[in-house]
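One structure below.
All of the numbers you see were taken from the coordinates with simple rules; none came from a lab. Just so you know, these numbers come straight off a predicted model, no measurement behind them. Please note: Cβ atoms are built from the backbone with ideal geometry, for glycine as well, and neighbour counts cover all protein chains shown.
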Amino acid sequence: MSDRILMKGNEAVGEAAVRSGCRLYFGYPITPASEIAEYMAYRLPQVNGTFIQAESELAASNMLYGAAAAGKYAMTASSSPGISLMQEAISYMAGAEVPALIVDAMRGGPGLGDIQAAQSDYFQLTKGGGHGDYHVIVFSPYTIQEVINIMPLAFQTAFRYRNPVVVAVDGLIGQMMEAVEFNYFTDPEEIPLPDWSLSGKFRHGNKKNVNTSLELDPDKLEAINWRLQGKYHEIEEKESRYDYVGVDNPETLVVAYGTVARLTISAVKKVLGEGKSIGLFRPVTLWPFPKAALAQKAKSAKRIVVLEMSAGQLIEDVKLYVYDPTKQYEFHGHPGGTTFTPSEIEQILRG
Amino acid sequence: MKVVYERPKTLEKVVNHYCPGCHHGILHALIAEVLDEMNLADKAVAVAPVGCAVLAYNYLDIDWIEAPHGRAVAIATGIKLAHPDLLVFTYQGDGDAASIGLAETMYGAIRGMNVTTFMYNNAIYGMTGGQMAPTTLIGMKTTTSPYGRDPKREGYPVKMAETIALQGGTAFSARSSLYNPRAITDTKKYIRHAFELQMAKAGYTFLEVVGTCPTNWGMTPVEASEFAKNELAKFYQLGVLKDVEGSEQK
């Protein structure tokens, strides 16, 4: 199936997971992520996989914890309020170094908020979310094709670093349809079972494996936390990803990700055509944040414009990593489920 | 010389952290004996709880995971589905399995997951220092029911083995104890039966084990055993509540 097909974003998430080698899905219904669960309920039995509708997001994320600790590609998906409930398992998995994949189809908050697309999970995804000093790796694709391209990478990155990974889409990417292509299919039998897996001693040299986030000796826990910080630094160095469209040293630098970046890109191209010195910096990983690249692109910029479907979360990182009081920082947001129109963005960019 | 009893191979040669007179150690040893007898130690993965048994992974020479509080059966579900050939069991306390993890435990039974749960019921939160448990008896004083558990104020003690027995996916649900050799023999028999049923893919298996907490009950080990027998086991009646392989009512 290397031909282009028309597919809904949430279904593409499911198909991409199957083709990445994932055969275990644990989910709980929530708008606008439910089609991911529905697709997996239909698709996994066809490939000898298992779909479980859990009793809650707590249970779904802990089933994922068990399956990933058993050494298998496994996943769950939810939307913002559900992701809040999963923060328990995510913190434990970060502490116990369990490589799980979580998809977040972000919607408006706080609380129940609404069911429209939003980007207000930025803080909870990139700053920890749960308790403890940890980070999850967060990818934020901006098209359905990019979702498809990122999914296998997301699983591989989770296993390479033994760390939870979140693929953050939003309600819009999940709900829209696009022509896409799948050019991979990994046989799960070919994915080696890691030697740390909980799979019975007979599968790993008859020596017991223990997976825990508990260390009661404070000196030892401190050492573990410094080791984890070392791992996070390595991830920051090696896994920061971004995309850039525009002139080399723009006077106006626009920063946006996901759906907003997609809306912005056509506006940027239009004003570029009018001769404006402008560029769009799009973080592909929200954590690790592509800070060195952003600082470099922002060097000669006088004006930095951050566009988000939130009340201003990404802009905190932009200001943190491009700290320069002589620059003009501008924030435009849509918190609550509405989004920018292309003409609105054009107007903003023209200043 | 004929060996009549020896240390189970699967029981680690370490000093455990349990208080004198606590029955967790007996339950650990029984599980180790059954794993040895059934030759399943290298195919077993266990889930440790939050509570007094949080360090159980130090005591049995098998694969272990330490779960968030109450989520043991959800974790076990993930492991079992990843490797259906394994023996997977959770080792939990009453607070873990019947309060914070009630939904997860119930869904093990409702879903009929081929995993086994051991729920050590000593009617109290031991590790956190003696607070009221879902299983605390009416009238029993704890640090959070200092005037004695009054159902008007603190509600009623939960009977887990009976509740689990009602669920369609349950293959086996029983309650046993460890206060004398007879009770210990029954407990071991149930452990083995639960494991056999799990390996035969019969469904969820659940064993509630009425145990002691001398420290938080403020009793000597002997007094605590007597309390388990005369008070706890009177309310939490011992025996098989459900067995898909025919009734084995005591």
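Pairs exceeding a 19 Å alpha-carbon distance, out of A:231/A:299; A:231/A:291; B:159/B:242; B:80/B:201; A:231/B:80: A:231/A:299; A:231/B:80.
Dipole magnitude for chain B: computed about the Cα centre from +1 point charges on Lys and Arg Cβ and -1 point charges on Asp and Glu Cβ, it is near 400 debye. Our coupling estimate for the stretch A:109-117, obtained by passing each phi through the Karplus curve with A = 6.51, B = -1.76, C = 1.60 and θ = phi - 60°, is x, x, x, 6, x, 9, 10, 8, 4 Hz, Gly and Pro reported as x. Assuming charge only on the beta carbon of Lys and Arg (+1) and of Asp and Glu (-1), the dipole of the stretch A:243-350 about its Cα centre is about 200 debye to the nearest 20. Residue order for B:119, A:176, A:309, fewest other beta carbons within 10 angstrom first, comes to A:176, B:119, A:309. For the protein assembly as shown, the dipole from Cβ point charges (+1 on Lys and Arg, -1 on Asp and Glu) about the Cα centre works out to 340 debye, to the nearest 20. Counting Cα-Cα pairs of the protein assembly as shown in 10 Å increments starting at 0 gives whole-percent bin shares of 3, 16, 24, 22, 16, 10, 6, 2, 0, 0. Computed from label points 7 Å out along Cα-Cβ, the spacing between residue A:319 and residue B:58 is 4.8 nm.
Considering Cα pairs under 8 angstrom that are at least six residues apart, work out the relative contact order of chain A and quote it in whole percent. Relative contact order here is 18 percent. With both labels modelled 7 Å from their Cα along Cα-to-Cβ, the residue B:166 to residue A:243 distance reads 5.4 nm. What residues from the stretch A:233-264 fall in the zone where the backbone N is under 20 Å from a label point 7 Å along the Cα-to-C-beta line of residue A:341? Counting only backbone N, you get A:259-264. Amide H to amide H, with H built 1.01 Å from N, residue B:121 comes under 5 Å of B:209, B:210, B:211, counting only residues 5 or more places away or on other chains.
D by Stokes-Einstein for the stretch A:5-190, Kirkwood Rh over Cα pairs, 4 °C, 1.567 mPa s: 82 µm²/s. Considering only B:222, B:73, B:115, the mean-square fluctuation computed in a Gaussian network model of chain B, springs between alpha carbons under 10 angstrom, is largest for B:222. Listed by chain and number, the lysines placed with their C-alpha closer than 27 angstrom to that of residue B:2 are B:13, B:188, B:189; residues fewer than eight positions away on the same chain are left out.
The simple spin-label model puts a point 7 Å past each Cα toward its Cβ; for residue A:302 and residue B:6 those points are separated by 8.6 nm. When the Cα positions of A:30, A:17, A:247 are compared along the charge dipole of chain A, A:247 comes out farthest toward the positive end, with charges on each C-beta of Lys, Arg, Asp and Glu. Backbone geometry of the stretch A:177-183 corresponds, through the Karplus equation with coefficients 6.51, -1.76 and 1.60 at θ = phi - 60°, to 3J(HN,Hα) couplings of 10, 9, 7, 9, 9, 10, 10 Hz, x marking Gly and Pro. For chain A, the longest principal axis of the C-alpha atoms and the axis of helix A:34-43 are separated by about 50°.
Taken residue by residue and averaged, Cβ atoms of other chains lying within 10 Å of the Cβ of B:42-50 number 4. Counting only residues at least eight positions apart within a chain, or on another chain, the lysines with an alpha carbon under 24 Å from that of residue B:152 are B:141, B:234. Close amide H contacts of residue B:148 (hydrogens built in the peptide plane, cut-off under 5 Å, sequence separation of 5 or more or a different chain): B:142. In summary, the aspartates and glutamates within cross-link reach of residue B:43, defined as a Cα separation below 19 angstrom excluding same-chain residues under 8 places away, comprise A:195, B:12, B:33, B:61, B:63, B:66, B:85, B:196.
For the residue pairs A:276/A:319; A:238/A:302; A:127/A:319, the alpha carbons lie more than 18 Å apart in A:276/A:319; A:238/A:302. Label reach from residue A:181 (point 7 Å along Cα→C-beta): in the stretch A:131-156, amide nitrogens under 19 Å belong to A:142-153.
Of the trypsin sites (Lys or Arg not before Pro) found in the stretch A:179-231, those in coil by DSSP whose Cβ has at most 15 other Cβ atoms within 10 Å are A:207.
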